[in-house]
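Asker: So that we are looking at the same thing, I have put the structure below in structure tokens.
Just so it is clear, none of the values below were taken in a lab; they were calculated from the coordinates. Since the model is a prediction, treat every value here as computed from it, not as a measurement. Don't worry about glycine lacking a Cβ; one is built from the backbone with ideal geometry, like all the others, and counts go over all protein chains shown.
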Amino acid sequence: MKLAVIAVGNLREKHFRDACAEYRKRMGVMQPVEMIEIPEEAIVDEGTHAIVEKALEKEGRQILHHLRPGDAVVAMTPEGGMMDSAGFAKMIDPSANPEHKRMTFIIGSSHGLTRAVYDKCDRKLSLGPMTFPHQLARVMLLEQIYRGQMILRGRAYHK
């Protein structure tokens, strides 16, 4: 099973880009992660619900365009369930998901995701009850994917 992350927006700060690059490099020999960046829509008046919804719909269409038949789709959202690292490792274990060709994680913009995207998701997952910047969420997700791969291989990274 392949792994992919669809993320809205780009990594503006160098330290976030470097951290993501480091985890992707570490995973390269085990199970590479495909990164798909969707441009974040500019919202000039965040107080206008209709403008925010229109931007989310445009982002949502782009996200849905990148989903494939056979994907297991996981939305990263504060409303999702939580799990420990061992449980996460089981979730990304290819032998536990033989019916899926790819597991795709979605990180939306700071405004979230559209109902159309949520409707395509098999699971909603939270990184925890605290609020994190979306750029940091991407680093945290990649770290957990790396940690999960290490757990599945019985390696010492996970303590």
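Asker: Just want the answer: with Cβ charges of +1 for Lys and Arg and -1 for Asp and Glu, which residue in 141, 70, 56 is farthest toward the dipole's positive end in the range 46-155?
Answerer: 70
Asker: Can you tell me the Rg and Dmax of the chain, counting just the alpha carbons, in angstroms?
Answerer: Gyration radius and largest Cα-Cα distance of the chain: 15.6, 50 Å.
Asker: Report the calculated FRET efficiency for residue 99 and residue 61 (r = Cβ-Cβ distance, R0 = 41 Å), to the nearest 0.05.
Answerer: The computed FRET efficiency comes out at 0.95.
Asker: Cα centroid distance between the range 32-88 and the range 126-159, in Å?
Answerer: 18 Å
Asker: In terms of modelled amide H atoms, which long-range or inter-chain residues lie less than 5 Å from the amide H of residue 3?
Answerer: Residues meeting the amide H criterion: 34, 103.
Asker: A further question follows. Give the cross-link partners of residue 120 among the aspartates and glutamates, using a straight C-alpha distance below 13 Å as the criterion and excluding same-chain residues fewer than 8 apart.
Answerer: 71
Asker: Mind checking the dipole of the range 103-159: about its Cα centre, +1 per Lys or Arg Cβ, -1 per Asp or Glu Cβ, Debye to the nearest 20?
Answerer: With only Lys, Arg, Asp and Glu charged at Cβ, the dipole is about 200 debye.
Asker: Further question: Give me the number: length gained by fully extending residue 111 to residue 45, i.e. 0.36 nm times residue separation minus the C-alpha to C-alpha distance, one decimal in nm.
Answerer: 22.5 nm
Asker: Using only alpha carbon positions, build the gyration tensor of the range 105-159, then give the equivalent ellipsoid semi-axes as the square roots of 5 times its eigenvalues, largest first, whole angstrom.
Answerer: Semi-axes, largest first: 26, 14, 8 Å.
Asker: Can you compute the helix-only [θ] at 222 nm over the chain? Use -39500 (n - 2.57) per DSSP H run of at least 4 residues, normalise by all residues, nearest 500 deg cm²/dmol.
Answerer: When only DSSP H runs of four or more count, the value is -13000 deg cm²/dmol.
Asker: A further question follows. Tell me the label-point distance for the pair residue 156, residue 82, using the 7 Å Cα-to-Cβ offset, in nm and rounded to one decimal.
Answerer: 3.0 nm
Asker: Please list, ordered by chain and number, the residues whose modelled amide H lies under 5 Å from the amide H of residue 41; skip anything fewer than 5 residues away on the same chain.
Answerer: Amide H to amide H, under 5 Å and 5 or more residues apart or across chains, residue 41 pairs with nothing.
Asker: DSSP loop (so not H, G, I, E, B), at most 14 other Cβ within 10 Å: list which GluC sites (Glu not before Pro) in the range 65-159 pass both filters.
Answerer: 99
Asker: Sticking with this structure for a sec: Take the Cα radius of gyration of the range 70-112 and divide it by 2.2 N^0.38 Å, with N its residue count; two decimals is plenty.
Answerer: Computed over Cα atoms of the range 70-112, the ratio equals 1.27.
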